[in-house]
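Data block below; observations after.
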Amino acid sequence: MKKITIAIILGISIVLIASALIFTFSRIKGADKVYIKTLEGKRFQLAVNNKPYIIKGMVYNPVPIGQNHEYDLWSDSLKPHMVDGELMKQAGVNTIRVYQPGRHVKNTKETIRDLYNIFGIRVVIGHWLGFWEDPNYVDPLFRERVKKDVLDMVRTYKDEKGILLWILGNENNVSFSFGPQSTNLWTTDEIEKLDDPYLKRQARARFYYSFVNEIAKEIHEIDPNHPVALANAELTDIEVAKEVTPDIDIVACSIYRGKSFGSFFREAQKKFDKPILITELGCDRYDALLEKENQAVQAEFIEAELKEVEKNTFIGNGIGNSIGCFVFEWTDEWWKLEENDAYAWGVHDTGASWSNGAYYFDIKAPQNMNINEEWWGVCELKKNKLGGLDERIPTKAYFKVKELWK
């Protein structure tokens, strides 16, 4: 009997060890199947391996104090994602958004694997589509170069189990949607011959959105396991995208409308009936009127926004086209106000750089300048170091996110 019992115990142990090894191996190797499921009543659901998945995300770009946008988080030997990953996991964050992969493939893959295997956090990788490279979305050489770079990115990372989906662009419609005030405005002789400014804008929109669709179509051929999102600023000109981007799976928008999105989800359904992902939402925590930090108002605004996002998911009683969101952002970025002044990167500036009346609590600041770019983090940074990293201090907004998502 003892021999039989020992044999049974050994057999069970071997099975358990083998199962654990298989589970561990499966978490490291092979992409998951991520797709959009259409439900009754024009409602949408993001699914991962046939299980519903609502994105509870953070925009992640933890630039250290004293550095700027050239910082490569993926290659940082201090591995900030190990500290941030634990804090995010505790707050219920299941996804991060990054605007581009790292410069070194090995380091980028290791970071993606750490975030997923240790903390269960998936990664959404974006591509700027050449927005900061003097873009011209009509020029065939520019288009080909950008497309090649995107497809190389997809080929490189598509089999990583922690990848959730791809995002094309980031508010690139600001390069054509706002006339002479557009950022990185591009044009052609043919477009300039048009007399009507609206027709000029529509022409640029068609060139850009058709280019996005061209890339999306080729991504699907390379990678059938991950959806592709078009990232827009608001819904401006999105009706043009509806006509020329049939291969886009998700409409992604950055939305800064204060505490409420208003008619956004219904408007999105009417203009382009696709799943909606809010790629940026939030509130800065510096009161430009009172000239002091106000963590309470940031937490208040983010709470209202997250509740509205959830209301409009498939489990809520709203429109049902939301698949989640990303809070902008994880940590403060001290370089933003004076981005060309290296000395200023080490100063937490309190100057406002633009105005938005939806953030009504400080809109009466001088010249109505009330948006403070360096104060959007749900974790503030301190110059004292912990393990070589700037100390992270969770704000009231962090704990509100934790309350809602955990």
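Over the stretch 209-333, Cα pairs under 8 Å with separation of 6+ residues give a relative contact order of 21 percent. Can you give me the P(r) profile for the stretch 260-406? Cα pairs, bins 5 angstrom wide beginning at 0, each as a whole percent. Calculated over all Cα pairs of the stretch 260-406, the distribution is 2, 9, 17, 19, 18, 15, 11, 7, 3, 1, 0 percent.
Report D for the stretch 123-236 in µm² per second (integer): Stokes-Einstein, Kirkwood Rh on Cα pairs, 20 °C, 1.002 mPa s. After rounding, the answer is 145 µm²/s. In order along the stretch 180-185, phi translates into HN-Hα couplings of x, 7, 5, 8, 6, 4 Hz, rounded to whole numbers, per the Karplus curve 6.51 cos²θ - 1.76 cosθ + 1.60 with θ = phi - 60° and x for Gly and Pro. Take every pair of alpha-carbon atoms less than 8 Å apart whose residues are at least six positions apart; their mean separation over the length of the chain yields a relative contact order of 18 percent. In percent, rounded to a whole number, the relative contact order of the stretch 43-122 is 33, using alpha-carbon pairs under 8 Å and six or more apart.
With the convex hull drawn around the C-alpha atoms of the stretch 182-326, the volume per residue stands at 153 Å³. Please state the charge dipole magnitude for the chain, taken about the Cα centre, from unit charges on C-beta atoms (+1 on K and R, -1 on D and E), reported in debye and rounded to the nearest 20. Roughly 2280 debye, rounded to the nearest 20.
Stokes-Einstein diffusion for the stretch 342-402 at 25 °C, viscosity 0.890 mPa s, with a Kirkwood radius from C-alpha pairs, works out to 181 µm²/s. What angle, in degrees between 0 and 90 and rounded to the nearest 10, separates the Cα long axis of helix 2-28 from the longest principal axis of the Cα atoms of the chain? With rounding to tens, the tilt is 10 degrees. The share of C-alpha pairs in the chain whose separation exceeds 29 Å stands at 47 percent.
Here the peptides 273-283, 205-215, 145-155, 234-244 are ranked by packing, the mean other Cβ count within 10 Å, and the order with the highest first is 273-283, 205-215, 234-244, 145-155.
Distance between the modelled labels on R257 and Y198, one decimal in nanometres: 2.2 nm (7 Å Cα→Cβ projection).
None of the figures in this text is laboratory data; all of them are computed from the coordinates on show. These figures come from a predicted structure and were not determined experimentally. Quick reminder, even Gly has a Cβ in these numbers, built from the backbone with ideal geometry, and neighbours come from all protein chains shown.
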